[in-house]
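Working notes for the structure below.
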Amino acid sequence: MSRRVRCSVKDSMCLILVSFSLVQAQQHVEIDFAASRHKEYLFISTFNLSWHKAFEYCRGQGMFLVSIQNREELEAVKDTINMSGFWKKNHYLHMWTSLNDIGEEGQYYWASTGTRTQLDLWRDTDPNNSQHDTCTDEDCVALVHFRDLTVTYGLDDRACSSEFMFMCET
Ligand SMILES: [Ca+2]
Ligand SMILES: [Ca+2]
């Protein structure tokens, strides 16, 4: 059993680290920081940032913007969001991941690991690289979910300048 509490003066919040075997619903505690067998996760839902600023924020925490490379990691990310209490107050999620095709259009890499995406989580109409204006298309990828719809968690390429919540990982 391992458990420790980390406090951040900057964010005025206490983050609780719990080993994966202990990651279960705990009614009396809001868990913002959870761990899988391989990674620890920090879900930031109290403010939104552009993709690049989210990336920098995670690095400032000694972490990386999240990658989701297999089903186990997807479940760990979903567990982290669920345990934060996010779905008690919100109906939809748009959360930056580290997946992007900034380097070459259509070639997607997880910035946190430098690896190609293996898991096909794209929503039906994405990636569509929508043109927002003459200079802006969609090169950064958000994890999207709607609480009250049967649509499951999916990936959507969005304009990197859009401000969304995000998740960091170790
Ligand atoms: Ca693109
Ligand atoms: Ca899109």
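The values are calculated or read from the model by the stated rules, or taken from the named source; none is laboratory data. What you are looking at is a predicted structure, and each value in this text was computed from that prediction instead of being measured. Here Cβ is always computed from backbone atoms with ideal geometry, including for glycine, and neighbour counts include all displayed protein chains.
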Can you tell me which of (1) touching a Lys or Arg at 6+ places or on another chain (Cβ under 6 Å); (2) loosely packed, with under 14 Cβ neighbours inside 10 Å is the one ASP156 doesn't meet? (2)
Taking first residues from segment 99-110 that are of a type in the set (D, E, K, R) and second residues anywhere that are within 13 Å of ligand 2 (Cβ to nearest atom), the pairs with Cβ under 6 Å that are 6 or more apart or on different chains are ASP101/TYR108; ASP101/ASP139
Hey, any hits in segment 49-56 for a residue that's closer than 13 Å to CYS168 by Cα, among the charged types (D, E, K, R) and either within 14 Å of ligand 1 (Cβ to nearest atom) or out of contact with any Lys or Arg (no Cβ under 9 Å at 6 or more places or on another chain) (or both)? yes
Selected residue (only one of LEU74, LEU65, LEU99 is in contact with a helix residue (DSSP H, G or I) (Cβ under 7 Å, 6 or more places away or on another chain) and not aromatic (Phe, Trp, Tyr)): LEU65
Go through (1) more than 16 Å from ligand 2 (Cβ to nearest atom); (2) modelled with pLDDT of 95 or more; (3) not basic (Lys, Arg) for GLN118 and report which single condition fails. (2)
Output for segment 129-169, where each listed residue is among the polar types (S, T, N, Q), modelled with pLDDT under 95 and either closer than 22 Å to GLU104 by Cα or within 16 Å of ligand 1 (Cβ to nearest atom) (or both): SER130, GLN131, THR134, THR136
Could you tell me whether THR117 is touching a Phe, Trp or Tyr at 6+ places or on another chain (Cβ under 6 Å), of a type in the set (Val, Ile, Thr) and either in contact (Cβ under 8 Å) with a residue 24 or more places away in the chain or within 9 Å of ligand 1 (Cβ to nearest atom) (or both)? yes
Would you please name the residue that is farthest from HIS94 (Cα to Cα), looking only at residues in segment 128-149 that are acidic (Asp, Glu) and either outside the structural domain of ASN82 (by the TED database) or within 13 Å of ligand 2 (Cβ to nearest atom) (or both)? ASP137
